[in-house]
DNA sequence: GTTGACAACTTAAACCTTTCAGTATATAAT
DNA sequence: ATTATATACTGAAAGGTTTAAGTTGTCAAC
């Protein structure tokens, strides 16, 4: 019943306390501490010293109320599973957190819990003035998150390829190019029947990946067999299922490109369960160069994607924007191929 | 620039605005919206309806200033590397975020960036009143983080075994028992020379792990060879180095227990690079049951540790404490063994 | 010896919410 | 008819910061 705070004995030092000690007004103290130049440098250093001695730290709520900004950026993660398989979000978080901490900003993380729809989560952060800007990852078609921030004219930066990339700040790699590189690599290895396991189709990036695949297949004169195109989520299990489907076709592919490393692990497992030797009987490639890809058996050919750097830069862009600077999209990152045993006979001793 | 009433940008709705519309005082509106019972239910519902229509959302900074609490809990992560290898923190974050979001709390994440020492980071969050409580993970000996929060009498919960566990709230598994289970499992397999790769010794848990190892070795009458005890950080590379050291001994171990899954991967790699077949020539076990352990080659015998659940429960305890409830440590979780090929000949076909 | 400029402050308002201490009215008890 | 009690509100203060506008004093210029 009684929700009264138990104990908060610590008497917080306020500007008023300092003002009393130094014999100046509260305003003078505030302006001194904030390095305004209408305070003599003598008193300024004196005030600062006293503040230091008294252990003053500004009350952020008060400052925020007054300034109408929070120096905090928001990040909403999807429902995180107990054994979060997806290193993508770990890297996003690492990049955003490191960069914003470096710049004196805080990061507020929320999970998109069920029972609350996603735009509600965004309203909560935005309308409650909990954050000054948002980082939005893995943009989707007709993304309601983007609608919400657009309506509110709320500062945001997107990590990934947004639907209308001329309207929002974003940073991304070129997945069309990435898929192209993978397909060409496989074609050079002599593959002709190449299967695809794409990521969920509501993601804008999935279309890019598919486009890259189709372009290069057509360019190589190989034609496109729609029956060899499957979709998976970002789990090994999803990849496993998609792999099974592809391998049970009457004419199964000799190579499969998977649009993410994690489901690629599942595809490999599915093939191995059917007695196929990856890299020998079936080539598999991933996307992202997760740590798991390196430690997979066999190690997975993949595309390097610096998710961490994207997050860091996105954060930097957002903060710059919040500070009123003019920010432009960085150029799309050119993907680079990492060849490992899963797709290369030469590496297979 | 002008913030006139005709401005297209929706000005924020405040209690005052609502009060004007409904013709009541600001106090009445506040109390109505907060379900105080000294407002008639008629006006209460009316006020709520108007608030809803006007799109009112409380200004959190103002509320926090007044209430002197933030409904936010803090989590400081170590410097996160670009390719964060350690799933431990991902799970911690997932558990804390999910649980606190569920309870209407926010999570503030900071990275322990270099150039700022760790207790400074804590002061920043605590003295700046950015958060109401902290989750502290992987407690160390004479942990300065715990000193800071103890000095300030700042609410906190520890995930892991703290040095003085009668003084702080904590949740942990029984690593003494965990190590014991592993050693006994190996002894049953016929191993006599068992090596150890421990986690960094500043962690309290490292002593527990070692104690479990030593106890069970002595109990089995095998004696302890201090030369077979190495230490590593939480990276594959660290494990690799430790593994090399152990395997280069005049009488190398036939089995190695590693106090964490991630360095265990490195140990396996080191052994494999020496031409040893894991599970056959050398048994290796890990700790934690990371996803990587399952997908390692060969799959890694390990101890199940529900980091996610720990984090979730820690968060629950912290919030309960913040609400003034009386909270007690949950019982230590009994570890369970997950046997995979890396330590079991029978599984090795 | 007035004017103006400048430095170094002070005062008061504002940011928005919550809560404490009243006040006014109606109802019930004596 | 008076007092007590409950209901439904109001006014003002408090929380700590920043800033716009004003004040004081000094010094220089004319």
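The values are calculated or read from the model by the stated rules, or taken from the named source; none is laboratory data. These numbers come from a predicted model, not from an experiment. Please note: Cβ atoms are built from the backbone with ideal geometry, for glycine as well, and neighbour counts cover all protein chains shown.
Does residue A:159 meet the test of being buried (at least 16 other Cβ atoms within 10 Å of the Cβ) and within 14 Å of chain B (Cβ to nearest Cβ)?
When the stated conditions are applied, residue A:159 does not pass them.
Given the criterion within 14 Å of chain A (Cβ to nearest Cβ) and not in a helix (DSSP H, G or I), identify the matching residue among B:253, B:298, B:263.
Exactly one residue qualifies, and that residue is B:298.
Can you tell me which residue within the range B:30-58, out of those that are under 25 Å from residue A:125 (Cβ atoms), within 7 Å of DNA strand C (Cβ to nearest atom) and part of a helix (DSSP H, G or I), is nearest to the other protein chains (Cβ to nearest Cβ)?
B:33
Taking the condition of being more than 10 Å from chain A (Cβ to nearest Cβ) and either within 17 Å of the chain's Cα centre (by Cα) or part of a loop (DSSP other than H, G, I, E, B) (or both), how many residues in the range B:106-123 meet it?
Adding up the residues that qualify gives 3.
Taking the criterion of being in the same structural domain as residue A:105 (by TED's automatic domain parsing), surrounded by fewer than 20 Cβ atoms within 10 Å (Cβ to Cβ) and touching a helix residue (DSSP H, G or I) at 6+ places or on another chain (Cβ under 6 Å), would at least one residue in the range A:296-313 satisfy it?
no
Tally time: how many residues in the range A:329-346 are part of a helix (DSSP H, G or I) and either modelled with pLDDT of 95 or more or closer than 10 Å to residue A:299 by Cα (or both)?
Within the range A:329-346, residues that are part of a helix (DSSP H, G or I) and either modelled with pLDDT of 95 or more or closer than 10 Å to residue A:299 by Cα (or both) number 3.
Determine if the range A:263-271 includes at least one residue that is under 21 Å from residue A:138 (Cα atoms) and surrounded by fewer than 16 Cβ atoms within 10 Å (Cβ to Cβ).
No, the range A:263-271 contains no residue that is under 21 Å from residue A:138 (Cα atoms) and surrounded by fewer than 16 Cβ atoms within 10 Å (Cβ to Cβ).
Which numbered condition in (1) more than 9 Å from chain B (Cβ to nearest Cβ); (2) at positive phi is the only one that residue A:68 fails?
With respect to (1) more than 9 Å from chain B (Cβ to nearest Cβ); (2) at positive phi, residue A:68 is out only on (1).
Going by the conditions given, is residue B:100 under 24 Å from residue B:202 (Cα atoms) and buried (at least 16 other Cβ atoms within 10 Å of the Cβ)?
no
Do we have residue A:96 as within 16 Å of DNA strand D (Cβ to nearest atom), in contact (Cβ under 8 Å) with a residue 24 or more places away in the chain and in a helix (DSSP H, G or I) here?
Spelling it out, it is not the case that residue A:96 is within 16 Å of DNA strand D (Cβ to nearest atom), in contact (Cβ under 8 Å) with a residue 24 or more places away in the chain and in a helix (DSSP H, G or I).
Being near DNA strand D (Cβ under 9 Å from one of its atoms), surrounded by 12 or more Cβ atoms within 10 Å (Cβ to Cβ), under 30 Å from residue A:90 (Cα atoms) and modelled with pLDDT under 95: is that true of residue B:61 here?
yes
For the condition surrounded by 17 or more Cβ atoms within 10 Å (Cβ to Cβ), under 15 Å from the mean Cα position of the chain (by Cα) and modelled with pLDDT of 95 or more, what is the one hit in A:194, A:136, A:181?
Only one candidate passes the filter, namely A:136.
So, in the range A:274-295, how many residues would count as being outside any loop (DSSP other than H, G, I, E, B) and in contact with a helix residue (DSSP H, G or I) (Cβ under 8 Å, 6 or more places away or on another chain)?
10
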